[in-house]
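In what follows, a single structure is set out as structure tokens and then discussed.
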Amino acid sequence: MSEHKYALGVVGTGHLASVLIERLIDSGYLTGDRIVVSRSKALEAHPLDVAVAEDNADVVRDARLVILSTTPQKFDDAAASIRAAASGDHLFISVMAGVSTDRVARQLGDDPIRVVRAMPNLPFRLGRGVTGLYCGRHASSDDMESVRHLFNAGGVTVEVDDESLMDAVTAVAGTGPAYFYYFVEMMMEAGVATGLKRKDAQVLAAHACVGAGAMLLENGASPVELREAVMSPGGTTEAAMKKLHECRVAEHVNDAVLAAYRRSRELGGGQ
Ligand SMILES: NC(=O)c1ccc[n+]([C@@H]2O[C@H](COP(=O)([O-])OP(=O)(O)OC[C@H]3O[C@@H](n4cnc5c(N)ncnc54)[C@H](OP(=O)(O)O)[C@@H]3O)[C@@H](O)[C@H]2O)c1
């Protein structure tokens, strides 16, 4: 039995942390009274039904499992504030883009500090998230099991055994929802330009995409097979695909994902 007061602590209670906490509570994974979080302006604007610690160090003193969710740029300050309270007894889950488990461990103490790196995405809120996981050098298989269990409360997990792949996970899945929203937005705008009411264009574009996504997950076919099934020879989809090809959209999407990948690497710079 843990002697800690709370089952879960969070340092860096911003947007992602709120999404994680709300889902953990809604899914029944934990009740709010078992969670302690650091103070933040974001929390004042969007209160959560959890305990709020006086300072960051109290979060770490009162919980064995701690999610680190500041932005990468603020991690040095956060680490300095919790270093004295951190120990080998803790398990830290870092969701910060680009920051390596070794860097987190080094900044949190001289003892071996157990760190698992996780890259969730926002559909976690609805139980439809996907989280990439990497087990840092001092974390055990039991630690990974606990972390897997936590993130499965908000969807599925994918584990990588080479930490550098977490930048690719970040570029594809962490950032992924934004690519999708961008595409839906562009489809909506085109619908409006061709005469649809904005409200109808949003429903049509969003459901076309969400329904297509559900088919992709549920019937096991590849996106190429599903795309080909929509395309009848000489039809509307073929005309659209031809245009996407001419405009080199595939290349641009690839460039955008690579930009996210490079930015994730930059954010962890100097580790
Ligand atoms: N958003 C996503 O979809 C997503 C997905 C995957 C991973 N991530 C990662 O998750 C992390 C958080 O992202 P976010 O979108 O939630 O950012 P965010 O909304 O800016 O949240 C960061 C929070 O950290 C707090 N903070 C800053 N310095 C601190 C310190 N020294 N001690 C304690 N708290 C401190 C901020 O407090 P104030 O509110 O007072 O400024 C803020 O609430 C990032 O590292 C990001 O890479 C985000």
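Computed from the coordinates by the stated procedures, all read-outs in this text should not be read as laboratory data. It should be emphasised that the depicted structure is a prediction, and the values quoted were computed from it without experimental measurement. Cβ sites come from the backbone with ideal geometry, for glycine too, and all protein chains shown count toward neighbours.
Computed over neighbours whose Cβ is under 15 Å from that of Met188, the net charge equals 0, Lys and Arg +1, Asp and Glu -1. Extending 7 Å from Cα along the Cβ direction at Leu196 and again at Ala240 yields two label points whose distance is 0.9 nm.
3J(HN,Hα) along region 253-263: 5, 4, 4, 5, 5, 5, 5, 5, 4, 5, 5 Hz, from the Karplus curve 6.51 cos²θ - 1.76 cosθ + 1.60 with θ = phi - 60°, whole Hz, x for Gly and Pro. Between Asp26 and Glu266, what FRET efficiency comes out of the Förster formula 1/(1 + (r/R0)^6) with R0 = 25 Å and r the beta carbon distance, rounded to 0.05? That pair, Glu266 with Asp26, gives E of 0.10. Taking Cβ atoms as reference points and 13 Å as the exclusive limit, the residues near Asp77 contribute a net charge of 0, counting Lys and Arg as +1 and Asp and Glu as -1. For region 93-215, the orientation-averaged shadow of the C-alpha convex hull comes to 8.8 nm² (one quarter of the hull surface). Its alpha carbons give the chain an Rg and a Dmax of 21.1, 68 Å. Residues whose amide H comes within less than 5 Å of that of Leu65, counting only those at least five positions distant or on another chain, are Gly9, Leu91 (H built at 1.01 Å from N in the peptide plane). FRET efficiency for the pair Asp255 and Ala84, taken as 1/(1 + (r/R0)^6) with r the Cβ-Cβ distance and R0 = 45 Å, rounds to 0.55.
In the calculated pair distance distribution of region 129-196, what percentage of Cα-Cα distances lie above 19 Å? In whole percent, the long-distance tail amounts to 50. Distance between the modelled labels on His15 and Cys247, one decimal in nanometres: 2.5 nm (7 Å Cα→Cβ projection). GNM remark for the chain: springs join alpha carbons under 10 Å apart, and the peak mean-square fluctuation among Val230, Val95, Val253 falls on Val230.
A cut-off under 11 angstrom between Cβ atoms defines the neighbours of His4, and their net charge, with Lys, Arg +1 and Asp, Glu -1, is +1. In the chain, the DSSP beta bridges split such that about 15 percent are antiparallel, to the nearest 5. Using R0 = 41 Å, the C-beta based FRET efficiency linking Gln73 and Ser232 works out to 0.25. For a paramagnetic label modelled on Glu3 (point 7 Å from Cα along Cα→Cβ), amide N atoms under 20 Å away belong, within region 106-144, to 111-114. In this simple spin-label model, placing a label point 7 Å from the Cα along the Cα-to-Cβ direction at both Leu204 and Phe183 gives a separation of 1.9 nm.
Remark on Arg39: its backbone amide H falls under 5 Å from those of Ala53, a criterion applied only to residues 5 or more positions apart or on other chains, H modelled at 1.01 Å from N.
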